[in-house]
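Since the structure comes first, as structure tokens, the remarks are kept for the end.
The values are calculated or read from the model by the stated rules, or taken from the named source; none is laboratory data. Quick caveat: nothing in here was measured; it's all calculated off a predicted structure. Please note: Cβ atoms are built from the backbone with ideal geometry, for glycine as well, and neighbour counts cover all protein chains shown. The area values use the complete protein model at the heavy-atom level, side chains included, leaving out ligands, DNA and RNA. Shrake-Rupley method; radii C 1.70, N 1.55, O 1.52, S 1.80 Å.
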Amino acid sequence: MVESEDFKSKITVYVVVCWILAAFGGLMFGYDIGISGGVTAMDDFLIKFFPEVYKRKLHAREDNYCKYDNQILQLFTSSLYLAALFASFVASKVCTKFGRKPTILVASSFFLAGAGISSGALNIWMLIIGRILLGIGVGFGNEAVPLFLSEIAPVQHRGAVNILFQLFVTIGIFLANLVNYGTAKLHPHGWRVSLALAGVPAIFLFIGSIVITETPTSLIERGNEVAGHKALKKIRGVEDVNAEYEQIKLASDIARQVKHPFKELMKRSSMPPLIIGVLLQVFQQFTGINAIMFYAPVLFQTVGFKNDASLLSSVITGTVNVLSTLVSIYAVDKVGRRKLLLQACVQMFISQSTIGGMLLVHLKATSNTLTTTQAGFVVFLVCLFVMAFAWSWGPLGWLIPSETFPLETRTAGFAFAVSSNMFFTFLIAQAFLSMMCHMRGYIFFFFAGWILVMGLFALFLLPETKGVPIDVMVERVWKKHPVWKRFMDD
Ligand code: BGC
């Protein structure tokens, strides 16, 4: 069998440009995640679209945990994820039939349209249609970009290259927080500026989708073997790419025999990567990360910060998110995936349960808010939580599903992973404010419980994939794992 050590490669300027341009898909996703929390906390926005919520906010003293609970307000945030869920399956087909590159082009076009319509919205429905178009962009982008990055990365750096996607997600969230911090002071149209600026990364992604190469894997799988060989030489920066070419060719020959990838995915032997891919994404959401990401400004107002201070606090968590992702880029191909996930479970469990404890003891529904010191401590705990997520379940939730499927089920399997992420992101976006209203501080114990479950999952069921070439996972990983080997036919 061909060993990864036989694959030769240099890192060329062109390949780095391809990585970065494609990663702009992550920036779009991150910007969309980060922008809605701040926008829904802006008075001008609430007065125009959600006057009821605005009235309730004025009487915030009524109930600390319930002032923002409104289903339509939550639908504004979550409609994007529902659209992305369905779009990722269509994107999977486009990815297989036409390639990763055109799928990224489609993503950027939807992003541009979505940014235009939502920022120009005259009524709630235009607002939601804009979010849906952005969501379709996310479905296409999140399907194609992680696969693209995993396929064009040299095996020994695959983790780091793939995590560029997540790095750009965190930069997108961070920029969105900064933008909101500025536009909150622009009356009455600050929120429009926030939503319109999503067009900027969309333009970069659009240009990127023209400049980047198609992945050799996708070219070869679609029968363009000469072009695939040429693309491989170009991205590896060396003449002798035969060992790797042969491996991709072999995988493509097998893949081409499979006419119905989704049917193939339902076979017993496809279950291991499917179960792992879906569960990683579900668990990623049940850490509670998006309760923090979408609603950080709302959450910080709940514990007693004023409007500005709460946006500033989300800028702090945004910075922690970006910097900690760099740790993951550095560590993932050295210490491996499993250790990062397990360490993070411990850290996230401690932070979520302590936040829960603090709120239960100190934040009563109708009386006082936290003291400044107590609120500062909550921000610190949130940072501790975000830090752990950012070097583990955040990036690896995308990396592992993009590297563990064999080529014949890769785009279909990854679509299940993406759509699971979207479904549970939707669920949390839709439910969090109501859950906080009903469960109060207990909601953080709910997340802590899940973190315990996912720690056990990582410990017993997750194989290590560091350093294994993407097209030999079945032989080298699944057929060797004590539990999963039982699913694999010869
Ligand atoms: C998750 C998002 C989350 C983000 C935070 C991503 O990996 O999929 O739901 O908001 O990380 O950085």
So if each residue of separation counts as 0.36 nm, and I subtract the Cα-Cα distance between Asp489 and Glu239, what length gain in nm does that give?
86.3 nm
Highest mean first, what order results for 204-216, 143-155 on Cβ atoms within 10 Å?
143-155, 204-216
Roughly how many percent of the accessible protein surface of segment 105-197 is carbon and sulfur, given a 1.4 Å probe and a whole-percent answer?
81
The chain: relative contact order as a whole-number percent, Cα under 8 Å and 6+ apart
25
Sticking with the crude label model, points 7 Å out along Cα→Cβ, report the distance from Glu225 to Lys57 in nm, one decimal please.
6.2
Please give the contour-minus-distance gain from Asp308 to Lys259: 0.36 nm per residue of separation, less the Cα-Cα distance, rounded to one decimal in nm.
12.1 nm
Rounded to a whole number, what is D in µm²/s for segment 97-213 from Stokes-Einstein with the Kirkwood radius over alpha-carbon pairs (20 °C, 1.002 mPa s)?
141
Probe 1.4 Å, all protein chains present, accessible-area order of Arg486, Arg131, largest first
Arg486, Arg131
Per residue, how much accessible surface does segment 325-480 expose to a 1.4 Å probe? Answer in Å², no decimals.
34
Per-residue ³J(HN,Hα) for segment 25-38, Karplus 6.51 cos²θ - 1.76 cosθ + 1.60, θ = phi - 60°, Hz, x for Gly and Pro:
x, x, 4, 4, 4, x, 4, 5, 5, x, 7, 6, x, x
What list of ³J(HN,Hα) values in whole Hz, one per residue of segment 256-272 in order, does the Karplus curve 6.51 cos²θ - 1.76 cosθ + 1.60 (θ = phi - 60°) give from phi, with Gly and Pro shown as x?
5, 6, 8, 8, 10, x, 5, 5, 4, 5, 7, 6, 4, 6, 8, 4, x
Would you please give the FRET efficiency between Val346 and Phe86, computed as 1/(1 + (r/R0)^6) with r the Cβ-Cβ distance and R0 = 35 Å, to the nearest 0.05?
0.45
Within the chain, cysteines having no neighbouring cysteine beta carbon under 4.7 Å are Cys18, Cys95, Cys345, Cys383
On the accessible surface of segment 374-424, probed at 1.4 Å, how many percent belong to carbon and sulfur atoms?
85
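Give the accessible surface of segment 88-149 per residue, rounded to a whole number of Å², with probe radius 1.4 Å and ligands, DNA and RNA excluded.
On the way: 1900 Å² over 62 residues.
On a per-residue basis, 31 Å².
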Counting each DSSP H run of 4 or more residues in the chain as -39500 (n - 2.57), what helix-only mean residue ellipticity at 222 nm follows after dividing by all residues, to the nearest 500 deg cm²/dmol?
-25500 deg cm²/dmol
If each residue of separation counts as 0.36 nm, what is the full-extension length gain between Leu323 and Leu186 once their alpha-carbon separation is subtracted?
46.4 nm
May I have the extent of the alpha carbons of the chain along their three principal axes, as whole Å values ordered from largest to smallest?
69, 46, 38
Here, Thr373 and Phe445, labelled 7 Å along Cα→Cβ, have an inter-label distance in nm of 2.6
How large is ³J(HN,Hα), in whole Hz, for each residue of segment 317-325 in order, when computed from phi with the Karplus curve 6.51 cos²θ - 1.76 cosθ + 1.60 and θ = phi - 60°, using x for Gly and Pro?
5, x, 5, 4, 4, 5, 4, 6, 5
Give me the percent of accessible area attributable to carbon and sulfur for segment 208-305, probe 1.4 angstrom.
61
